[in-house]
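A.B. asks: Quick one: structure below, then a few questions.
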């Protein structure tokens, strides 16, 4: 059901924007706000590790499935080319714990992010109908993990990382906006983010997103 809803959301965004025509003015205006609800897909490029739980001979690999992500961004243009953006998003997925001595078992994991990014805009059309950009920033990721097992050794492993954890993250990426009017367009982003869990190691993930871009106000 979640995936069907997501696809309908994307189709709706594209249909609304495609129906907007006419002469456009500069979309990237000084002192304007940009609001972007978005939908996309998150792929995790790394796995976590547990070592020495419950004994020094035990190790386990933690793998989280790729899944859909939703979020909301809002940005302020202090010039046409420079803006600061605040973003909040998340993903709910399933994971798999694979132990070297005690078999495998699944668990649930939610990943929520909050970040502040700098955006450098690159005009690709003389009327600013197409606007590319580069972005990078810092933020915080919240990892909420849920899982348990009837096996006491697996349960000891779960207890070592199940719960909530908040850690710093960084991200960078690029994107492009296509405007059908001076105030409304479609925005596509690709971003790589990375963070380090205090219990299971280093992670990185890629986000591929599409969003409805709304420009409010401006000089």
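A.B. asks: Is one or more of the residues making up the stretch 105-114 touching a residue at least 60 places away in the same chain (Cβ under 8 Å), within 16 Å of the chain's Cα centre (by Cα) and closer than 16 Å to residue 86 by Cα?
C.D. replies: Our first condition is that a residue be touching a residue at least 60 places away in the same chain (Cβ under 8 Å); within the stretch 105-114, this holds for 111, 113.
This time we only want the ones that are within 16 Å of the chain's Cα centre (by Cα), so: 111, 113.
So of that shortlist, the ones also closer than 16 Å to residue 86 by Cα come out as 113.
Within the stretch 105-114, one or more residues are touching a residue at least 60 places away in the same chain (Cβ under 8 Å), within 16 Å of the chain's Cα centre (by Cα) and closer than 16 Å to residue 86 by Cα.
A.B. asks: Within the stretch 127-140, can one find any residue that is loosely packed, with under 14 Cβ neighbours inside 10 Å and over 21 Å from residue 45 (Cβ atoms)?
C.D. replies: Yes, the stretch 127-140 contains at least one residue that is loosely packed, with under 14 Cβ neighbours inside 10 Å and over 21 Å from residue 45 (Cβ atoms).
A.B. asks: Is it true that residue 30 is more than 22 Å from the chain's Cα centre (by Cα), over 30 Å from residue 157 (Cβ atoms) and surrounded by fewer than 20 Cβ atoms within 10 Å (Cβ to Cβ)? Working first, answer last.
C.D. replies: Numbers: more than 22 Å from the chain's Cα centre (by Cα): yes; over 30 Å from residue 157 (Cβ atoms): yes; surrounded by fewer than 20 Cβ atoms within 10 Å (Cβ to Cβ): yes.
When the stated conditions are applied, residue 30 passes them.
A.B. asks: Is it the case that residue 148 is surrounded by fewer than 14 Cβ atoms within 10 Å (Cβ to Cβ) and not in a strand (DSSP E or B)? Don't jump to the end; show me each part of the working.
C.D. replies: Numbers: surrounded by fewer than 14 Cβ atoms within 10 Å (Cβ to Cβ): yes; not in a strand (DSSP E or B): yes.
Yes.
A.B. asks: Just wondering, is there one or more residues in the stretch 87-98 that are farther than 30 Å from residue 158 by Cβ, modelled with pLDDT under 90 and surrounded by 14 or more Cβ atoms within 10 Å (Cβ to Cβ)? So that I can check it myself, show each step before the final result.
C.D. replies: As a first pass, look at the stretch 87-98 and keep what is farther than 30 Å from residue 158 by Cβ: 87.
Narrowing the set further to residues that are modelled with pLDDT under 90 leaves none.
Looking for residues that are farther than 30 Å from residue 158 by Cβ, modelled with pLDDT under 90 and surrounded by 14 or more Cβ atoms within 10 Å (Cβ to Cβ), one finds none in the stretch 87-98, hence no.
A.B. asks: I'm trying to understand the selection: among the residues of the stretch 91-140, which are out of contact with any helix residue (DSSP H, G or I) (no Cβ under 8 Å at 6 or more places or on another chain) and part of a loop (DSSP other than H, G, I, E, B)?
C.D. replies: Within the stretch 91-140, the subset out of contact with any helix residue (DSSP H, G or I) (no Cβ under 8 Å at 6 or more places or on another chain) is 91-96, 98, 100, 104, 106, 108-140.
The answer is 100, 124, 125, 126, 127, 128, 129.
A.B. asks: Given (1) at pLDDT 50 or above; (2) surrounded by 11 or more Cβ atoms within 10 Å (Cβ to Cβ), where does residue 10 come up short, assuming only one miss?
C.D. replies: (1)
A.B. asks: May I ask you to verify whether residue 81 is closer than 26 Å to residue 136 by Cβ, loosely packed, with under 12 Cβ neighbours inside 10 Å and at pLDDT below 95?
C.D. replies: Numbers: closer than 26 Å to residue 136 by Cβ: yes; loosely packed, with under 12 Cβ neighbours inside 10 Å: no; at pLDDT below 95: yes.
Taking the combined requirement at face value, the residue does not satisfy it.
A.B. asks: Right, next: Looking at the structure I just gave you, is residue 158 surrounded by 15 or more Cβ atoms within 10 Å (Cβ to Cβ) and either in contact with a helix residue (DSSP H, G or I) (Cβ under 8 Å, 6 or more places away or on another chain) or in contact (Cβ under 8 Å) with a residue 24 or more places away in the chain (or both)? Give the steps one after another, and end with the answer.
C.D. replies: Details: surrounded by 15 or more Cβ atoms within 10 Å (Cβ to Cβ): yes; either in contact with a helix residue (DSSP H, G or I) (Cβ under 8 Å, 6 or more places away or on another chain) or in contact (Cβ under 8 Å) with a residue 24 or more places away in the chain (or both): yes.
Yes; evaluated as a whole, the condition is true for this residue.
A.B. asks: What about residue 171, is it on the phi > 0 side of the Ramachandran plot and either surrounded by 17 or more Cβ atoms within 10 Å (Cβ to Cβ) or touching a helix residue (DSSP H, G or I) at 6+ places or on another chain (Cβ under 6 Å) (or both)? Full working, then the answer.
C.D. replies: Numbers: on the phi > 0 side of the Ramachandran plot: no; either surrounded by 17 or more Cβ atoms within 10 Å (Cβ to Cβ) or touching a helix residue (DSSP H, G or I) at 6+ places or on another chain (Cβ under 6 Å) (or both): yes.
Here the answer is no, as residue 171 does not meet what is asked.
The values are calculated or read from the model by the stated rules, or taken from the named source; none is laboratory data. Remember, it's a predicted structure, so these values are computed and weren't measured experimentally. In this analysis, Cβ positions are derived from the backbone assuming ideal geometry, glycine residues included, and neighbour counts consider all displayed protein chains.
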